[in-house]
Each structure stands twice: as C-alpha cells, then as structure tokens.
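What follows is one structure encoded as structure tokens, with my remarks underneath.
The values are calculated or read from the model by the stated rules, or taken from the named source; none is laboratory data. Please read these numbers as outputs of a predicted model, since none were measured by experiment. Reconstructed Cβ throughout: ideal geometry from the backbone, glycine too, with neighbour counts over all protein chains shown. These accessible areas exclude ligands, DNA and RNA; they are computed on the full protein's heavy atoms, side chains included. Shrake-Rupley method; radii C 1.70, N 1.55, O 1.52, S 1.80 Å.
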Amino acid sequence: MKYTVKKIAGLIITLLIVSMLAFLAFELIPGDPARSILGTEATESKVQALREEMGLNRPLPQRYGQWVKDFVTGDMGTSYSYQEPVKDLIADKLPVTFTMTAMAFVFILLFFIPIGLLSVRYENRWIDKLFLIGNQVTMSIPPFFVGMIFTVIFGLTLRLFVPGGYISYTENVSGFLGYLIFPSLALALPKAAMTAKMFRNALLSEIHKDYIRTAKSRGNGPWRILICHAFRNGILPVITFLGMAAADLIANSIVIEQVFGIPGLGRTLISSISNRDYPVVEAVIVLIAAVILILNTVVDLLYRALDKRIVL
C-alpha cells in the first residue's frame, strides 16, 4: 500500500510539472493569440480588448493557477480556432485515437507471444532464422513508412480500403473499426517485432536454468515446459517494455493519423499548434502525459504483483 501511494503521488507531481512546462512553453513562443484571431489588420485597441477578455493581461502565475483549477474541475477553456469548449472538442477526438492505439496494442499481443514461443521452440531452425531476418527488417522501418507501404499495397493496389475514406464511429462502428485496422497494424508492427525479440531472448535465458532441467527430468514435453514453466518468468521483462510500447504508440499515432487522414487527437494537436490555439494544445499535451504516466504506474504495480521477489 505504501508503494502504491508513493507511485500515485509521484504521478501527480510529475503531471503538475508537465502541465507547468506546457503552459510556460507557449509563453516563450513568439506570437499573440489575440492578434492571430483578429488578423494582422486589427487595431491595437481591439487586440488589447480581446487580450483583456481572454485574460492574457493577467500575471502568469495567476493565469496558470486559474488554468490548473479549471482543468481539475473539467473546464479546459475555449478553443480559439473552433470557438467551442476544448472539453467537447477533445471528447469527440479522443475515442478515435485511443481506439486505434488499443487495436495496435492488441495486435502486438497477438503477434509477439506465438512468434516468440515458436522461435524458441525451433531455435536455430529455419523458422527461427526466418523470424530473425523478418524481425530485423520490421524493427528498422518506422511506423509512418509502414503506413505509406500499406496505403500503396492494400489501399491503391488491392483496394481493401479507401485511402482517406475515414468513417466516423458515430456513423458506422463496424466501418470505423474496419478502417482503423491498417493504421493500427502500421502502428503495431515495429513494436511487435521489438517485443517478440525481447520475449525470445528472455525465454532462451530461462530454458537453460535449473528448474527447466528439473521439469524435463519429470517428463514434461517442450511445449508444456515453455508455456507452463518458462512463460511466466520470461514475460516479466516484456511487461515493462509493453508499458513503454503503449506510451510510444500514443506518440506515434500523431504521425499515423496524418498518413491515413484520421481526424484524431494528433491532427487536432498539429492544427492547433499551427493556429496558436493554446488551450487545445495544452489540454492535449496534459492528457497524453497523464495516459503515459498512468500506464507506467500500472506496469510498475503489475510487475511487482507478478514477482514478489522484486523490491521496487
């Protein structure tokens, strides 16, 4: 319990630091949001009046304190560009990005476990050698390039999906999920290759230990030894990496959304940065940071729950 409270306290402190840095960063960037909204031809009096209305003339600590207070209570401000509450804007985009990220994470789980087990079971045979070659190639290709390849092969050539033909989840759920399959695969494949290789190496180190030799002496077959004995210990280092991979999926989804034309948080973030829509950018950054920090905390707690010998 003490460890759990300590981790949660660290999460809150880190999130406050991230929010402070995000807020201060836009104070240092040249440009005036009021001027951007009104245009270059607006008079100085109109610009100052809008700055006063937006609260930009107040001291920085006061504005940050008010922003944190409003954010905690659910008020993320109003978008400068869209002229609507940031909360509503994000609520519309959040399911898109998180669904794609969740699908990508499921693909990683579906790929790395059977591939890792097969590679270890048939170590140094053609299956293992084929895995090592394919693994190196897949790991070296960034997700956005995989997305471009998928668009050319599966979109333009095989016509399995229409590039840019995004279907909203509010219109057709099955069509929405179907369109996200290839973006999720593009997002997942490099991380799946890394995870499978780590899982393979962890299993290889386990199968040479004493308890595995004992299991063999009792007449257990190769698959039973791998799944019932080596799997649990071999999966421990992979769990930590999966937490990092999930966080990385959220970051890479910003680029993948541009490649496939998906209107998620990533596209909203990039357009808001271009338009100096600070309330939207700050809210998205803090939300992404919160998700990443929560994932890391859950992984730490899960890691300790699976192996009581580890003192963290």
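Details
- Lysine pair count for the chain [Cα-Cα under 23 Å; pairs on different chains or 8 or more apart]: 9
- Between the helical axis of 126-140 and the longest alpha-carbon principal axis of the chain there is an angle of about 10 degrees.
- On Cα atoms only, tilt of 265-274 relative to the major axis of the chain in degrees: 40
- C-alpha center-to-center spacing [the stretch 169-193, the stretch 80-106] in angstrom: 15
- The magnitude of the dipole of the chain, with charges of +1 and -1 set on the Cβ of Lys/Arg and Asp/Glu and taken from the Cα centre, is near 1900 debye.
- Its residue count N fixes a reference of 2.2 N^0.38 Å for the stretch 31-75, and the Cα radius of gyration divided by that reference is 1.34.
- Among 178-184, 46-52, sorting by the average number of other beta carbon atoms lying within 10 angstrom of each residue, highest first, gives 178-184, 46-52.
- A Förster distance of 41 Å, applied to the separation of the beta-carbon atoms of residue 208 and residue 149, puts the FRET efficiency at 0.60.
- Modelled spin-label separation between residue 13 and residue 128, with each label point placed 7 Å from Cα along the Cα-to-Cβ direction: 4.6 nm.
- Summary of the geometry: the stretch 241-280 and the stretch 107-128, compared by the centres of their Cα atoms, lie 31 Å apart.
- Relative contact order of the chain, defined on C-alpha pairs under 8 angstrom at six or more residues apart (%): 27
- Under 5 Å from the amide H of residue 78 lie the amide H atoms of 86, each residue being 5 or more positions distant or on a separate chain, with H modelled from the backbone and absent for Pro and chain starts.
- Surface composition of the chain: carbon plus sulfur atoms hold 66% of the accessible area, using a 1.4 angstrom probe and ignoring ligands, DNA and RNA.
- Fully extended contour minus Cα-Cα distance, from residue 63 to residue 224, at 0.36 nm per residue: 51.8 nm
- Ellipticity at 222 nm from helices only: DSSP H runs of n ≥ 4 in the chain, each -39500 (n - 2.57), divided by the residue count, give -24500 deg cm²/dmol.
- Using the Cβ of residue 210 as centre and a radius below 14 Å, the other residues enclosed give a net charge of +3, where K and R count +1 and D and E count -1.
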